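Novice: The structure follows.
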Amino acid sequence: MNAGHGAASAPGVPNTGYELVVRNARVATASDVFDTDIGVIGGRIAALARGLPPGAREIDAAGRWVLPGGVDAHCHLAQKTGDGSVMADDFLSGTRSAACGGTTTVIPFAAQLKGESLVQAVRDYHAVADGQACVDYAFHMIVSDATPRVTEEELPALIDQGYTSFKIYMTYDDLKLDDRQILDVLYAARRHGAMTMIHAESSDCIAWLAERMLAEGLDTPPYHALSRPPVAEREATHRAISLAELLDTPILIVHVSGPDAIEQIRWAQTRGLRIYAETCPQYLFLTAADLEGDLLHGARCICSPPPRDEAAQQAVWNGLANGTFQVFSSDHAPFRFEGAGGKKPQGEHTPFNHVPNGIPGLETRLALLFSEGVLAGRLDITEFVALTATRPARLYGLYPRKGTIAIGADADMVVWDTGAARVIRNADLHHNVDYTPYEGRTVHAWPAITLSRGQVVYADGVFQGRAGHGRFLACERPEPARPRRAARRHAPWLAALSRMDPIAQAPSGGKAGRE
Ligand code: URP
Ligand code: ZN
Ligand code: ZN
């Protein structure tokens, strides 16, 4: 089972003096499975070989999978909301929960409110994250006000400083951009080498439906799902792809819920476009039926796009297995069910359009996919690693420091327990939300030990990390965000832009994304 990873150590690092040796590991990366000891020096992986000399600390992983720590590339922590709702998790509780679920890198959002400077938004999020996070973190930005100052001055400067991805919205009144603004943002991404994430739901279709439902008194949680049907997601997904194609600019469609959007993405990928896609646990393990129940019971599972039906779940599984999806994220958006700032701002009869959108999932993401994906035979272990760690790290400029087990990478690793059944109970989780949508579900995998840069942050059911251990990660410009210059041959309008477009002018293979 050794895949040629024999004795090896980082250049200039002797095979002694390990601060930690993880012994007898069965490692999976996105490409290989092999048996090895893992030597750690200075928080990084320094050796992968059998029979390493003793380390100052030792962990015996005999009989267990040791996988790269998870990279959760879509989670919301301490995010400003603008509607009076309050996120239940800050950077301390959110990253504590991440560590306990095997996630060692998170990429939450620094959200710009309309009228606000993006630079100021990033500063504000550093103020609440720095010194609080228990695992390493980077930021995506949310661009909600795409003024010329933002797209031409702030974005380029922030990209230079390591904020190399941002999310834009096609829905939500306080966040959405129109098509022309989306083009402005995509053009900035193209020129400066950043990755654009898109929340693709058609604002007008949803508003039109929701208005009529609410006028008829159809305001309970199931109508949230009915007002955001698959066709509204499909239309926006196709439009986002078309705008990206117009500018030959890669995009990543986030939280894809079912076959209608998947078909658009697959169609675009088959045409050779660099269209990436993410899905989340709620589209595998919940359906619209979870929004039913007495009064606001179903508000727990209100998120957008909404969970669909069992056929959609199967389509999402297929998309994970056939490579349509590159990323599996939690979209952890934590609101408490009870109490101020939570899911019921107007009490037990809160209409669905006033329920804050989002569900918790940072801690359960990996166990659910390991259990129902790998152990149930739907995904290979290498695909699991790719979806939950390696590809998100690559897509957002953190690879190979994060997302893999390799010499020189940060020693972010998870020793997995896969023997016993475990029932998910919110009482056992470490987030600050008063429910989990997965209460009572049985999984057959759970982290035994989580290591962040060689430090144990979770072991034997107990959080062992500390606030401030987590460091901010400045991201590189992601290679997958590079335009495919070949597309220019079929897009003469891009050639016309080329006088002002440095990427279009660069010779094939030249350095991407810089002015
Ligand atoms: O409902 C969701 N997904 N809430 C979180 C915000 C977002 O759009 O990702
Ligand atoms: Zn979204
Ligand atoms: Zn989200």
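The values are calculated or read from the model by the stated rules, or taken from the named source; none is laboratory data. It should be emphasised that the depicted structure is a prediction, and the values quoted were computed from it without experimental measurement. In this analysis, Cβ positions are derived from the backbone assuming ideal geometry, glycine residues included, and neighbour counts consider all displayed protein chains.
Novice: Just checking, which of 94, 102 is at negative phi, in contact with a Leu (Cβ under 9 Å, 6 or more places away or on another chain) and small (Gly, Ala, Ser)?
Specialist: Of 94, 102, the one residue that is at negative phi, in contact with a Leu (Cβ under 9 Å, 6 or more places away or on another chain) and small (Gly, Ala, Ser) is 94.
Novice: Can I ask one more? Confirm whether residue 239 is away from ligand 3 (no atom under 16 Å from the Cβ), crowded, with 24+ Cβ neighbours inside 10 Å, in contact (Cβ under 8 Å) with a residue 60 or more places away in the chain and over 20 Å from the mean Cα position of the chain (by Cα).
Specialist: Considered against the rule, which asks whether it is away from ligand 3 (no atom under 16 Å from the Cβ), crowded, with 24+ Cβ neighbours inside 10 Å, in contact (Cβ under 8 Å) with a residue 60 or more places away in the chain and over 20 Å from the mean Cα position of the chain (by Cα), residue 239 comes out as no.
So that you can scan it fast, the table gives a plain yes or no per residue for (1) within 16 Å of ligand 1 (Cβ to nearest atom); (2) at pLDDT 95 or above:
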{"site": "145", "(1), (2)": "no, yes"}
{"site": "162", "(1), (2)": "no, yes"}
{"site": "191", "(1), (2)": "no, no"}
{"site": "219", "(1), (2)": "no, yes"}
{"site": "222", "(1), (2)": "yes, yes"}
{"site": "227", "(1), (2)": "yes, yes"}
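Novice: So residue 171 ticks every box in (1) buried (at least 24 other Cβ atoms within 10 Å of the Cβ); (2) touching a helix residue (DSSP H, G or I) at 6+ places or on another chain (Cβ under 8 Å) but one. Which box is left unticked?
Specialist: Of the numbered conditions (1) buried (at least 24 other Cβ atoms within 10 Å of the Cβ); (2) touching a helix residue (DSSP H, G or I) at 6+ places or on another chain (Cβ under 8 Å), the odd one out for residue 171 is (1).
Novice: Let me ask something else. Have a look at 298, 272 and point out the one that is more than 16 Å from ligand 3 (Cβ to nearest atom) and at pLDDT 95 or above.
Specialist: One residue alone meets the criteria, 298.
Novice: Let me ask you something else. So which residues in segment 99-129 are in a helix (DSSP H, G or I) and β-branched (Val, Ile, Thr)?
Specialist: Applying the first criterion (in a helix (DSSP H, G or I)) to segment 99-129 yields 99-100, 118-129.
Across segment 99-129, the qualifying residues are 119, 122, 128.
Novice: Then there's this: Just a yes or no: is a residue in segment 482-496 modelled with pLDDT of 95 or more and surrounded by 21 or more Cβ atoms within 10 Å (Cβ to Cβ)?
Specialist: Checking segment 482-496: not a single residue is modelled with pLDDT of 95 or more and surrounded by 21 or more Cβ atoms within 10 Å (Cβ to Cβ).
Novice: I'd like the residue in segment 241-255 that is more than 14 Å from ligand 1 (Cβ to nearest atom) and outside any loop (DSSP other than H, G, I, E, B) and, out of all such residues, is nearest to residue 479 (Cα to Cα).
Specialist: If we take residues in segment 241-255 being more than 14 Å from ligand 1 (Cβ to nearest atom) and outside any loop (DSSP other than H, G, I, E, B), then 251 is nearest to residue 479 (Cα to Cα).
Novice: Find all pairs meeting these conditions: Cβ atoms under 7 angstrom apart; at least six residues apart or on different chains; first residue within segment 152-163 and closer than 13 Å to residue 122 by Cα; second residue among the aromatic types (Phe, Trp, Tyr).
Specialist: Here the result reads 163/139, each pair linking segment 152-163 to a residue that is among the aromatic types (Phe, Trp, Tyr).
Novice: Next question, about the same structure. Looking at segment 246-264, which of its residues are away from ligand 3 (no atom under 16 Å from the Cβ) and under 24 Å from residue 366 (Cα atoms)?
Specialist: The answer is 258, 259, 262.
Novice: Considering only segment 130-154, how many residues are crowded, with 17+ Cβ neighbours inside 10 Å, within 21 Å of the chain's Cα centre (by Cα) and not in a strand (DSSP E or B)?
Specialist: Of the residues in that region, 8 qualify.
Novice: For the list (1) away from ligand 1 (no atom under 15 Å from the Cβ); (2) touching an Asp or Glu at 6+ places or on another chain (Cβ under 7 Å); (3) within 22 Å of residue 167 (Cα to Cα); (4) not small (Gly, Ala, Ser), I need the number of the one condition that residue 262 fails.
Specialist: Failed condition: (2).
Novice: Do the conditions hold for residue 340, that is, is it of a type in the set (A, V, I, L, M) and either within 13 Å of the chain's Cα centre (by Cα) or over 21 Å from residue 256 (Cα atoms) (or both)?
Specialist: Yes.
This table checks each residue for (1) more than 16 Å from ligand 3 (Cβ to nearest atom); (2) aliphatic (A, V, I, L, M); (3) surrounded by fewer than 24 Cβ atoms within 10 Å (Cβ to Cβ); (4) part of a helix (DSSP H, G or I).
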position	(1), (2), (3), (4)
289	yes, yes, yes, yes
294	yes, no, yes, no
305	no, no, no, no
313	yes, no, yes, yes
318	yes, no, yes, yes
323	yes, no, yes, no
330	no, no, no, no
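Novice: In segment 190-222, what count of residues is obtained for those that are buried (at least 21 other Cβ atoms within 10 Å of the Cβ) and either in contact with a helix residue (DSSP H, G or I) (Cβ under 7 Å, 6 or more places away or on another chain) or among the charged types (D, E, K, R) (or both)?
Specialist: Taking segment 190-222 as the starting set, the residues that turn out to be buried (at least 21 other Cβ atoms within 10 Å of the Cβ) are 190-202, 206, 220-221.
Those still in the list that are either in contact with a helix residue (DSSP H, G or I) (Cβ under 7 Å, 6 or more places away or on another chain) or among the charged types (D, E, K, R) (or both) too: 190-196, 198, 200-202, 206, 220-221.
Number of matching residues: 14.
Novice: Output the number of residues of segment 356-401 satisfying the condition of being of a type in the set (Gly, Ala, Ser) and touching a Ser or Thr at 6+ places or on another chain (Cβ under 9 Å).
Specialist: First pass over segment 356-401, keeping only residues of a type in the set (Gly, Ala, Ser): 358, 361, 367, 371, 373, 376-377, 386, 389, 393, 397.
Okay, now just the ones that are also touching a Ser or Thr at 6+ places or on another chain (Cβ under 9 Å), so 358, 361, 371, 386, 389, 393, 397.
Final tally of qualifying residues: 7.
Novice: Here is a follow-up. Would you point out which residue out of 115, 84, 42, 55 is among the small types (Gly, Ala, Ser) and closer than 21 Å to residue 474 by Cα?
Specialist: Testing whether each residue is among the small types (Gly, Ala, Ser) and closer than 21 Å to residue 474 by Cα leaves just 42.
Novice: What residue, of 403, 373, 408, 361, is small (Gly, Ala, Ser), in a helix (DSSP H, G or I) and either within 16 Å of ligand 2 (Cβ to nearest atom) or in contact (Cβ under 8 Å) with a residue 12 or more places away in the chain (or both)?
Specialist: 373
Novice: Which one of the conditions (1) under 23 Å from the mean Cα position of the chain (by Cα); (2) of a type in the set (S, T, N, Q); (3) outside any loop (DSSP other than H, G, I, E, B) does residue 353 fail to meet, given that it meets all the rest?
Specialist: Of (1) under 23 Å from the mean Cα position of the chain (by Cα); (2) of a type in the set (S, T, N, Q); (3) outside any loop (DSSP other than H, G, I, E, B), only one is false for residue 353: (1).
Novice: Same structure again: Is it the case, given these coordinates, that residue 427 is away from ligand 3 (no atom under 16 Å from the Cβ), in a helix (DSSP H, G or I) and surrounded by fewer than 22 Cβ atoms within 10 Å (Cβ to Cβ)? Can you show your working first?
Specialist: Numbers: away from ligand 3 (no atom under 16 Å from the Cβ): yes; in a helix (DSSP H, G or I): yes; surrounded by fewer than 22 Cβ atoms within 10 Å (Cβ to Cβ): yes.
Yes; evaluated as a whole, the condition is true for this residue.
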